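For reference, the structure is listed below as structure tokens.
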């Protein structure tokens, strides 16, 4: 089965630093997403991206966050100035509504630790 | 505030028994409904999706949806120790295309050999 690839698997940063989380969605998928899960909490939607622009975002996705598709394969999440409460597992996902049995494919996640 | 509520468990069942997981949601505009399985430290894995009222069966899994009661359930027949995981209920307001999912906190299932 095709896979969404995320790098790195673990990222440790100091509070106030910028971090970029990287994802390679499944090729020919059209929608890209970031979700996060704070330890012991529920999975939360951050943002969806379609046709090179944000299509939906949650209240969590404030001005400290941005997303970009810098080329034809990568999809990134940037946190401009990290806070302690940004520590979480961040999941990238992609989907293609045109496919039969279409579903949301999650990557394996990046565990972000802000110290 | 769109909410998805699940009993956090843990739910313990003996091997071979039926496990019953329940979920309620607050947003009446929800169009599609999903059950994911999540092992500790791993990403959610889709088990079942359901879009219309009634039952949907796939192997040992049956999803049930009642939109009037805003209720979704998952039955796991012949439970196996490998089914031990956290089961996440998720709902999507979008009928097709975009997956802006609202997740519940999950029910931890433990299948005892």
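What follows draws every value from the coordinates through simple rules; no lab data is involved. These numbers were taken from a predicted model, which means no experiment stands behind them. Positions of Cβ are generated from backbone atoms using ideal geometry, with glycine treated the same way; all protein chains shown enter the neighbour counts.
Number of residues in region A:97-115 that are at the interface with chain B (Cβ under 8 Å from one of its Cβ atoms) and under 10 Å from the mean Cα position of the chain (by Cα) equals 3. Among the numbered conditions (1) assigned to a loop (DSSP other than H, G, I, E, B); (2) more than 9 Å from chain B (Cβ to nearest Cβ); (3) touching a strand residue (DSSP E or B) at 6+ places or on another chain (Cβ under 6 Å), the only one that residue A:94 does not meet is (1). Residues that are surrounded by fewer than 21 Cβ atoms within 10 Å (Cβ to Cβ), away from chain B (no Cβ under 14 Å) and touching a helix residue (DSSP H, G or I) at 6+ places or on another chain (Cβ under 9 Å) occur at least once in region A:74-88. Against the definition (closer than 14 Å to residue A:106 by Cβ and either more than 12 Å from chain B (Cβ to nearest Cβ) or surrounded by fewer than 16 Cβ atoms within 10 Å (Cβ to Cβ) (or both)), how does residue A:19 come out, yes or no? Taking the combined requirement at face value, the residue does not satisfy it. Applying the criterion of being in a strand (DSSP E or B) and more than 14 Å from chain A (Cβ to nearest Cβ) to the residues of region B:86-113, the residue that is farthest from residue B:20 (Cα to Cα) is B:112. Within region B:43-54, the only residue that satisfies the criterion of being over 13 Å from the mean Cα position of the chain (by Cα), surrounded by fewer than 15 Cβ atoms within 10 Å (Cβ to Cβ) and free of Cβ contacts under 8 Å to residues at least 12 places away in the same chain is B:54.
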